[in-house]
Amino acid sequence: MIAHPSKSKAAAKSARAEFPWSEYPVAWQVFRETADEDQQTASHLIGRPSWPDRKGLVLIDIGSGDGRIVEAIVGNKLQKQHNISEVRFLDPNLMLLTKAKEAVRGKIPVVKPIQAHLRDEGVWPLSGRGSDVALAVHVVYLMEDGELTHLIENLPPETTLFVVLDAPTSVFTELWAETAKLYHDRAMAAHQTMERIRDRKVIVSEITASIPRAELRKHPTADWLLSLLCYRDMRSQNVSPRMLSRVHRILDQHTGPTGDVVHCRSRCYEFPALDGSHAAAAIGI
Ligand SMILES: C[S@@+](CC[C@H](N)C(=O)[O-])C[C@H]1O[C@@H](n2cnc3c(N)ncnc32)[C@H](O)[C@@H]1O
């Protein structure tokens, strides 16, 4: 049962300055329950050439949210059980960190929640030391100026980094140009940051997820989904008919030929580890 945005007191309490509006974490979770983005992202990541093909991996998930990406990675049949021996969830939101721990309970031997922003003093690269893989999935839009550069420039040499964000011409990015200029500009700046990196190898690939179009017409799910897609509260009393019609035109442009699904395309930037040796051996933490 999904609550209406205005009724979610727990969500309002967890409001943080970096969220587009107070109930964003709930909208994000509704989106992830409705779309297949977790599974698509997880199977894409573990199929990448730089995903380490060995046992005992140590992962750090930066902006882990409720841990669903890591849960989908450990649940994926391509990823042999017990290949991940430790996960560090790094997120400023305590409610989401608690959910993340629950999501992988009994599936990963060591689970370390770290309640922090990546930019907080002493957090990075310390929290990433000894990790084989660092994930930053759909978090860069919430980071402050300079935080993404700090992540990449201080990446431990033994760590492979995957940064996933909505593609420049994806439904999210095109909607944000209309409805959430700040996040549109941050997303475009993040792509530019990644394209400017010259001193490391970067591999670029694409992930496509889908949302059933019918869910965008159901009450109250549609309010949550539209708000998440637009990164602002999109309940009808808060939006002009003109904006709503522009939003639906963009959704139409990203709807597949059968009319059943809206496609969400993300770009995955992959920074292979510089040091091929096993991370745990590299730095004793
Ligand atoms: C859109 S959610 C994505 C969650 C998860 N990566 C996923 O794809 O399912 C973004 C998460 O990043 C967290 N976050 C926001 N700013 C952050 C920062 N500066 N450093 C680390 N995490 C941050 C938020 O609390 C939120 O849980």
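Read the figures in this text as sums done on the coordinates, not as results from a lab. Quick caveat, the model's predicted, so the values are computed rather than measured. FYI the Cβ positions are ideal-geometry reconstructions off the backbone, even for glycines, and counts take in every protein chain you see.
Among the residues making up segment 159-200, those that are within 30 Å of Asp275 (Cα to Cα), charged (D, E, K, R) and surrounded by fewer than 22 Cβ atoms within 10 Å (Cβ to Cβ) are Glu195, Arg196, Arg198, Asp199, Arg200. If you go through segment 61-72 one residue at a time, do you hit one that is more than 11 Å from the ligand (Cβ to nearest atom) and of a type in the set (Ser, Thr, Tyr)? No. The listed residues are Glu144, Glu153, and the only one of them that is surrounded by fewer than 16 Cβ atoms within 10 Å (Cβ to Cβ), away from the ligand (no atom under 12 Å from the Cβ) and more than 22 Å from Ile69 (Cα to Cα) turns out to be Glu153.
Anything in segment 103-125 that is charged (D, E, K, R) and more than 14 Å from the ligand (Cβ to nearest atom)? List them, or say none. Arg105, Lys107, Lys112 - these are the residues of segment 103-125 that are charged (D, E, K, R) and more than 14 Å from the ligand (Cβ to nearest atom). Contact annotation: residue pairs with Cβ atoms under 6 Å, 6 or more positions apart or on different chains, pairing a residue in segment 151-170 that is in contact (Cβ under 8 Å) with a residue 40 or more places away in the chain with a partner that is assigned to a strand (DSSP E or B) and crowded, with 24+ Cβ neighbours inside 10 Å, are Leu155/Leu161; Thr159/Ala134; Thr160/Val133; Leu161/Ala134; Phe162/Leu135; Val163/Ala136; Val164/Val137. For segment 82-94, the condition of being under 18 Å from the mean Cα position of the chain (by Cα), at positive phi and within 13 Å of the ligand (Cβ to nearest atom) holds for none of the residues.
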